[in-house]
């Protein structure tokens, strides 16, 4: 990937874009008809306090995902739990994660063993933006941007967000893989 971005329309029109040298956020100034740089050089916090996942699918998750979400809600070290924030729009959920830190999860499950989000036009662009901002992306097996898709609409699970938060779920998947060997 050489570039990725998204546009959100609401009370303001926001454009977030990377051409491979960091991430910048722009806001449309309707009086000028131009986008103004309002969020230069966006950097995701190293660790966040928010997790974003559709918990309605929890009964179908694999053990690493279920364990991770349980740790978000009930930290073993006695620290404050993470807050759940889930809108159901990947762009909106990832945008919040990018600005405030945390993790966005759309795992594989029993109903969708290959995940639901499409690699070429959902997983790759958001993973590129997240990595350009200092975060990580992971499929449950590998770095998301290392996937080699073989179909146009190929799907994949995705975990992306703050570096330390993604490290935690990567460790759970590595431990589960070690138990299977």
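Every number here is computed from the coordinates shown, using simple stated rules; none is lab data. If you're wondering where the values come from, they're calculated on a predicted model, not measured in any experiment. Every residue, glycine among them, receives a Cβ derived from its backbone with ideal geometry; neighbour counts consider all protein chains shown.
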Exercise. Compare the peptides 119-132, 10-23, 40-53 by average per-residue count of other Cβ atoms within 10 angstrom and give them in order, highest first.
Key: 119-132, 40-53, 10-23
Self-check item: Highest-MSF residue in the chain out of 77, 165, 109 [GNM, Cα springs under 10 Å]
Solution: 77
Quiz item: How big is the equivalent ellipsoid of segment 50-180 along its three axes, where each semi-axis is √(5λ) from the Cα gyration tensor, reported in whole Å from largest to smallest?
Solution: 21, 17, 14
Quiz item: What value, in deg cm²/dmol to 500, does the helix sum -39500 (n - 2.57) over DSSP H runs of n ≥ 4 give at 222 nm once divided by the residues of the chain?
Solution: -8500 deg cm²/dmol
Self-check item: Cα-based Rg of segment 1-91 normalised by 2.2 N^0.38 Å, two decimals
Solution: 1.44
Practice problem: Using only the Cα atoms of segment 79-145, build the gyration tensor, take square roots of its eigenvalues as a ≥ b ≥ c, and label the shape rounded, prolate or oblate: rounded if a/c is under 1.5, else prolate if a/b is larger than b/c, else oblate. | Solution: oblate
Self-check item: Percentage, to the nearest whole number, of Cα pairs in segment 26-78 over 12 Å apart
Solution: 77
Quiz prompt | Extension gain, residue 99 back to residue 77 (0.36 nm per residue minus Cα-Cα distance, nm) | solution = 5.3 nm
Quiz item: Once you have the alpha carbon radius of gyration of segment 116-160, what is it after dividing by 2.2 N^0.38 Å, with N set to its residue count?
Solution: 1.02
